[in-house]
Each structure stands twice: as C-alpha cells, then as structure tokens.
1. Inspect the range 19-29 for any residue being part of a loop (DSSP other than H, G, I, E, B), closer than 21 Å to residue 91 by Cα, under 14 Å from the mean Cα position of the chain (by Cα) and modelled with pLDDT under 90 and give the result as yes or no.
2. Would you point out the residue of the range 45-61, among those that are in contact (Cβ under 8 Å) with a residue 12 or more places away in the chain and within 15 Å of the chain's Cα centre (by Cα), that is surrounded by the most Cβ atoms within 10 Å (Cβ to Cβ)?
3. Answer yes or no as to whether residue 110 is out of contact with any strand residue (DSSP E or B) (no Cβ under 7 Å at 6 or more places or on another chain) and either modelled with pLDDT of 90 or more or not in a helix (DSSP H, G or I) (or both).
4. Could you grab me the full set of residues in the range 74-103 that are assigned to a loop (DSSP other than H, G, I, E, B) and out of contact with any helix residue (DSSP H, G or I) (no Cβ under 7 Å at 6 or more places or on another chain)?
C-alpha cells in the first residue's frame, strides 16, 4: 500500500464518520405533538398512554410513540412503526392526523430541520 492509498483510505473513513454526525446531534425526545382537525395536543413521552384521536389510535410506551391503528386504507401511518428520535413524524392523511416526536433542541436551539435517507 502506497502513501497515497493510505491518504485516500483515511479521507474515505472520515467522510463515512461524518455521515453519522447528524444522528448524534439530534436531541433526545421528550414529548409527542399530535396535530388533528381540532387543534394540537401534547403528550409527555415518559407516560404510557393509548389515546384515540379522530379514529386513529396513538400509543406511547417506553419513551416512544406510534400510530397503533387507523381506519385508513393504506395503513402507511401504522407501517411507520415506533418513533423514537426528535423530529420523527407519522402522518395519516385520510384522517388528518399527524404525530411528531419533539425534543428540546428542535424548539430552542434550532436543531436539525430534516434528514433524508
């Protein structure tokens, strides 16, 4: 292995490490914001809750949240699974219900707006 190969390898490893940086910068989640047709509701993630809002069953358990069931046809909101990190969103368009996990950094210090995979 030549000197140039080692330099290229180190640069590639550093670039790969930077890909994980946004994950480390996301703040821990502390509440769930539910937006429905009749306004916004907030639930703390530390409590275990099962709440039905506009026909959509929202479940909070072990500091994570999900849409447990919905009367919509495609069930995309249910297939989104558990939301654990600040900024995670699940939306049920037919029922007009959206849930978003929120953390301190997103509100106060202007954390990461979005990450696309």
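1. Checking the range 19-29: at least one residue is part of a loop (DSSP other than H, G, I, E, B), closer than 21 Å to residue 91 by Cα, under 14 Å from the mean Cα position of the chain (by Cα) and modelled with pLDDT under 90.
2. My answer is 58.
3. Yes; evaluated as a whole, the condition is true for this residue.
4. 74, 75, 80, 81, 82, 84, 88, 93, 94, 95, 96
The values are calculated or read from the model by the stated rules, or taken from the named source; none is laboratory data. Computed from a predicted model, the values in this text were never measured in an experiment. When we count neighbours, we look across all protein chains shown, and the Cβ atoms used for this are built from the backbone with ideal geometry, even at glycine.
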